[in-house]
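For reference, the structure discussed in these notes is given below.
The values are calculated or read from the model by the stated rules, or taken from the named source; none is laboratory data. These numbers were taken from a predicted model, which means no experiment stands behind them. Using ideal geometry, Cβ is built from the backbone for each residue, glycine included, and neighbour counts are taken over all protein chains shown.
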Amino acid sequence: MERIPVGISGVGSYLPEKILTNDDLSQMVDTSNEWIVERTGIEQRRIAAKSQAASDLAIEAGIKALKNANTNPEEIDLIIHASVTPDYTFPSTACIVQHKINAKNAAAFDMNVGCSGFVYAMATGANFISSGIYKKVLVIGSEVLSKIINWEDRNTCVLFGDGAGAVVLEQCDDGFGILSYDLGSDGENGDVLIVPAGGSRNPASADSVNGKLHSIQMDGKAVFKFAVKIMGESTINALKKAGLGLEDLDFLVPHQANTRIIDSSLKRLKLSREKVCVNLNKYGNTSSASVPIALDEAVKEGKIKKGDTIVLTAFGAGLTWASIVIKWNREDGND
Ligand code: UT7
């Protein structure tokens, strides 16, 4: 079957206004700005207002991506929302977004693939277009992690932040757009990054609330080891699937978890610091929102040019990983 080439026609992001600095955190738990910067690279993060849920951030980012793509909401055939902090267990956050942006012709569903969610969702959305089923897909990653953090746990509370990013996918010129992807999972080690309660395994109870089982629990060292190995490996695999090598890679948009993880991936990929987007110093780890927020920033700063081969790569809960190779199809930053 002939595949239709699919590219990004619009990109947008939204960050809540409130800033929480490392110094603020050191008033809350036994930590310091020095420790957090040295071990993670994070200097501050954004925190959503009490009234804001994932859909509120998703809508802001989604509308910006639609504007950037010169697309009306009614033209969207499908909305995929990636998140580990949806508004509700159900209905899906994608349906809430669909209603509020008036995308009345869109199908809508959520995906939960941890921090790899946005990249998985992009690969999924692209297939609906390349197979000729849909013409325009809105893919959003949106997180309000501040609401599932144990603010007494210094091992996790210093790492995460809130935000949203989105892209519009549609047909692009031959030879451009998404060239390949590499998706994977390792469910055996899923318990190293988990919210243990609130699902059907451990439904909400007084004990689960008292035990803080509705917040993120993480074996940081195990996740770190996995991340360092998988980001480089998955990027190389995705490039291989596109018939490309490391020498073809122009720019990397990695999941923003820790500068030490990104730096070790760069070493493996033989890439210099100018060829990668790093903004976790400002926003922390925003899980499935981190890749589209970083992409939006890189595009706006003119770091990605038409014809560049870029890779979006992420890892996260599951455990999961995902990389996408794109030959950039827009004129951003060419002037
Ligand atoms: O999107 C995926 C989500 N997760 C990740 O990407 C996390 C991946 N892992 C990491 O980024 C790192 O493992 C961390 C940043 C979480 C931790 O860094 P580390 O270098 O692995 O530190 P560690 O866990 O080995 O802790 C070293 C020390 C410990 O003290 P002792 O046992 O040596 O006395 C910790 O108790 O640092 C202590 N520590 C802290 N100290 C000050 C842990 N958290 C903090 C803190 N402030 N916030």
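Looking across region 43-102, the residues that are under 30 Å from residue 25 (Cβ atoms) and of a type in the set (A, V, I, L, M) come down to 47, 48, 49, 53, 54, 57, 58, 59, 61, 82, 84.
Filtered by the rule that a residue be of a type outside the set (A, V, I, L, M, F, W, C), closer than 25 Å to residue 280 by Cβ and surrounded by 19 or more Cβ atoms within 10 Å (Cβ to Cβ), region 132-156 gives 141, 142, 143, 146, 156. Taking residues in region 284-305 that are farther than 25 Å from residue 193 by Cβ, and partners anywhere that are modelled with pLDDT under 95 and in a helix (DSSP H, G or I), the pairs with Cβ atoms closer than 9 Å and at least 6 places apart or on different chains are 303/274; 303/275. Among the residues that make up region 114-131, is at least one of them part of a loop (DSSP other than H, G, I, E, B), out of contact with any Asp or Glu (no Cβ under 8 Å at 6 or more places or on another chain), surrounded by fewer than 17 Cβ atoms within 10 Å (Cβ to Cβ) and not assigned by TED's automatic domain parsing to the domain that holds residue 256? So far as region 114-131 goes, yes, one or more of its residues are part of a loop (DSSP other than H, G, I, E, B), out of contact with any Asp or Glu (no Cβ under 8 Å at 6 or more places or on another chain), surrounded by fewer than 17 Cβ atoms within 10 Å (Cβ to Cβ) and not assigned by TED's automatic domain parsing to the domain that holds residue 256. Only residues that are under 30 Å from residue 176 (Cα atoms) and free of Cβ contacts under 8 Å to residues at least 12 places away in the same chain: list them for region 1-59, please. Correct list: 2 only. Here is a list: 312, 239, 295, 252. Which entry is part of a helix (DSSP H, G or I) and under 24 Å from residue 69 (Cβ atoms)? Within the list 312, 239, 295, 252, the selection yields 295. On the basis of being within 16 Å of the ligand (Cβ to nearest atom) and of a type outside the set (Lys, Arg), does residue 98 make the cut? Answer is no for this residue. Being more than 14 Å from the ligand (Cβ to nearest atom) and free of Cβ contacts under 8 Å to residues at least 60 places away in the same chain is a property that residue 206 has.
In the set 179, 271, only one residue is outside any helix (DSSP H, G or I), modelled with pLDDT under 95 and either assigned by TED's automatic domain parsing to the domain that holds residue 35 or not small (Gly, Ala, Ser) (or both); that residue is 271. Specify which of the listed residues (234, 200, 142, 215) is assigned to a loop (DSSP other than H, G, I, E, B) and either within 16 Å of the ligand (Cβ to nearest atom) or in contact with a Phe, Trp or Tyr (Cβ under 8 Å, 6 or more places away or on another chain) (or both). Unique residue meeting the criteria: 215. Exactly one residue out of 82, 103 is closer than 10 Å to residue 139 by Cα and buried (at least 19 other Cβ atoms within 10 Å of the Cβ): that is 82. For region 182-193, the condition of being among the β-branched types (Val, Ile, Thr) and closer than 16 Å to residue 84 by Cβ holds for at least one residue.
Name the single residue that is nearest to residue 73 (Cα to Cα) among those in region 171-181 being surrounded by fewer than 24 Cβ atoms within 10 Å (Cβ to Cβ) and touching a helix residue (DSSP H, G or I) at 6+ places or on another chain (Cβ under 7 Å). Result: 171.
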